[in-house]
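Data block below; observations after.
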Amino acid sequence: MSEPLVRCPSCSDMVPYRTDNPYRPFCCKGCKAFDLGAWASEQFRVEVKPTTEDLLDNDGL
């Protein structure tokens, strides 16, 4: 039985999805680091709408 192939989120190469790959779902250490750098520099972000509690919280002002 062959291993399932997945697309690396960074470089788009098709790679076997193996549990012994410490970088999965990425193909290598470089692609994993590139993705982390993109999150750290805010190229990727998850948008969240503030809740009423957030708007009423004055501790940080």
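The values are calculated or read from the model by the stated rules, or taken from the named source; none is laboratory data. Computed from a predicted structure; not experimentally measured. For neighbour counting, all protein chains shown are included, and Cβ atoms are generated from backbone atoms with ideal geometry for every residue, glycine included.
Annotations
- Single residue of SER2, SER10 found to be in contact with a Cys (Cβ under 7 Å, 6 or more places away or on another chain) and among the polar types (S, T, N, Q): SER10
- Top-ranked residue in the stretch 28-53 [being basic (Lys, Arg) and in a loop (DSSP other than H, G, I, E, B); ranked as nearest to the chain's Cα centre (by Cα)]: ARG45
- Meets criteria (modelled with pLDDT under 90 and surrounded by 10 or more Cβ atoms within 10 Å (Cβ to Cβ)) for ASP13: no
- Complete set of residues in the stretch 7-27 that are assigned to a loop (DSSP other than H, G, I, E, B) and within 19 Å of ALA38 (Cβ to Cβ): CYS8, PRO9, SER10, CYS11, SER12, ASP13, TYR23, ARG24, PRO25, PHE26, CYS27
- Residue in the stretch 38-49 that is surrounded by 12 or more Cβ atoms within 10 Å (Cβ to Cβ) and modelled with pLDDT of 90 or more present: yes
- Qualifying residue in the stretch 10-23 (condition: of a type outside the set (A, V, I, L, M, F, W, C), on the phi < 0 side of the Ramachandran plot and in contact with a Pro (Cβ under 8 Å, 6 or more places away or on another chain)): yes
- Counting only residues that are exposed (fewer than 11 other Cβ atoms within 10 Å of the Cβ) and of a type in the set (A, V, I, L, M), the stretch 16-35 holds 0 of them.
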